[in-house]
1. Starting from the Cα gyration tensor of the range 369-452, multiply each eigenvalue by 5, take the square root, and state the resulting semi-axes largest first in whole Å.
2. Using Cα centres only, tell me the gap between the range 439-495 and the range 152-167 in whole Å.
3. Using amide H atoms built 1.01 Å from N in the peptide plane, name the residues 5+ places from residue 220, or on other chains, whose amide H lies under 5 Å from its own.
4. When ranked by the protection proxy of mean other Cβ atoms within 10 Å per residue, highest first, what sequence do the peptides 165-176, 345-356, 211-222 form?
5. Could you list, bin by bin from short to long, the percent of Cα-Cα pairs of the range 123-205 in 10 Å steps?
6. Of 222/400; 400/522; 126/154; 156/202; 140/202, which sit over 20 Å apart, Cα to Cα?
7. Could you give the accessible area per residue of the range 130-173, probe 1.4 Å, as a whole number in Å²?
8. What does the highest-first list of 118-125, 183-190 look like by mean Cβ count within 10 Å?
Amino acid sequence: MKPAAREARLPPRSPGLRWALPLLLLLLRLGQILCAGGTPSPIPDPSVATVATGENGITQISSTAESFHKQNGTGTTQVETNTSEDGESSGANDSLRTPEQGSNGTDGASQKTPSSTGPSPVFDIKAVSISPTNVILTWKSNDTAASEYKYVVKNKMENEKTVTVVHQPWCNITGLRPATSYVFSITPGIGNETWGDPRVIKVITVPIPVSDLRVALTGVRKAALSWSNGNGTASCRVLLESIGSHEELTQDSRLQVNISGLKPGVQYNINPYLLQSNKTKGDPLGTEGGLDASNTERSRAGSPTAPVHDESLLGPVDPSSGQQSQDTEVLLVGLRPGTRYNATVYSQAANGTEGQPQAIEFRTNAIQVFDVTAVNISATSLTLIWKVSDNESSSNYTYKIHVAGETDSSNLNVSEPRAVIPGLRSSTFYNITVCPVLGDIEGTPGFLQVHTPPVPVSDFRVTVVSTTEIGLAWSSHDAESFQMHITQEGAGNSRVEITTNQSIIIGGLFPGTKYCFEIVPKGPNGTEGASRTVCNRTG
């Protein structure tokens, strides 16, 4: 019998019987599984599974499971998905559970792995270098997958700028504005344009340092500083210090004080020693509030830090431009004579950020004695007067006077710019030095060279009288020569005779006429001693 013929003779199956056998077999299979206590084994840990990441999520996971369910955070199946290449069903913020499914559709133990979000954020962002126009940032990252970093530069006044750096945890951001606030964000990424979360840091660029710092003038007790300010400079701070060892500086002349709040385009008149005397306890350099140029916290009449004129500008840069000068000028008064100082100027942004300092050293002029003059000179004494180059009262000084003669010397101290020098020798050359002293500070001395005159002649007498001649004689021990003035009574005229002898006969006189003879001793360098006079009538 042929099978085909036998098949033809079988009666047709009913619809109920068509599904009965498969259903029975399935129930038997499930019973075997339940009796054996077995479940499909879970897939390997998805963290070590081979993953190909697309732009929208996980697109492929290698596994022996036949299919996977995409579940939410509670484990509830959302969408059934297969290990396809497109991965369009994966969301950036979803979790992916990968339960294994056997041929009977039973889920295995599920394993949860994050979907393809970006790499971990960076941390510990630091601005290791800040200048007026560039900032160097560094950061750390624990994500080894991050191969590139994107930094964004934001500022209210500028367009946003984005730059990507590769394989380096740092960047040098250039082309910035001085004294400007910026927000920088760092975003890690991997090579397929997947980016993590940004982290930000706020940085204010430093202002441009002051330029053309100079000492415009120096005096005994004052000095004028001036400098130019760059764009973005809101104010400046000056650290003024005296220079010298402990032995060189007196307690009165030591100085270390901050002067802040110096605005561009304003002139100031400041007494730094007065500021230092007003400093608060525990504030060796003074505080900006207590010692600033506007003196806002210690406002009082005659403030040593107030501008000469409020908003007194130094003048426009260009008369045609109408722009005001950005120069600052500070007149320092009340300084100590002959003292060295160092001024360090810091430009400041509006929030107090300071630029690179610029320093200059200067020295006030020493107290100087000048115009030393000898008055009332005699053979054994003289009177000195002089002037001092300090505007303050000269009575604040003492003066050391040193008198050096040809064979001897002497010293004298006085408290006024005038002195009588006694005990001198006649017809002698002297070097005289007058040195001013203020406290422990000696100024620049003044000098004078002088010859004392000879003493007057002695024993001046008439020795011979005739109708036309009169003989004269005298004594002198230090005169080099003698000058004789001869005056005729009633005539009103005179003549002069010079001799180096100590006697002389005057001829050519008129008989019976009275004559007066005045003799002047002449000393070194043309000095003249006091005169002596004698009168007599011819026979």
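The values are calculated or read from the model by the stated rules, or taken from the named source; none is laboratory data. Here the structure is a predicted model, which means the values were calculated and not measured. With ideal geometry, Cβ positions are generated from the backbone for all residues, glycine too; neighbour counts draw on all protein chains shown. Ligands, DNA and RNA are excluded from the accessible area calculation, which covers all protein heavy atoms including side chains. Shrake-Rupley method; radii C 1.70, N 1.55, O 1.52, S 1.80 Å.
1. Numbers: eigenvalues 108, 29, 20 Å².
Three semi-axes, in Å: 23, 12, 10.
2. That distance is 97 Å.
3. 365
4. Values: 165-176: 13.1, 345-356: 19.4, 211-222: 15.0.
Highest-to-lowest ranking by the protection proxy: 345-356, 211-222, 165-176.
5. Per 10 Å bin, starting at 0, the Cα pair percentages come out as 18, 54, 24, 4.
6. On the way: 222/400 25 Å; 400/522 32 Å; 126/154 17 Å; 156/202 13 Å; 140/202 17 Å.
Cα-Cα > 20 Å for 222/400; 400/522; rest within.
7. Working: 2630 Å² over 44 residues.
Spelled out: the 1.4 Å probe surface of the range 130-173, per residue, equals 60 Å².
8. Values: 118-125: 16.9, 183-190: 20.1.
Per-residue Cβ counts within 10 Å, averaged per peptide and sorted highest first, yield 183-190, 118-125.
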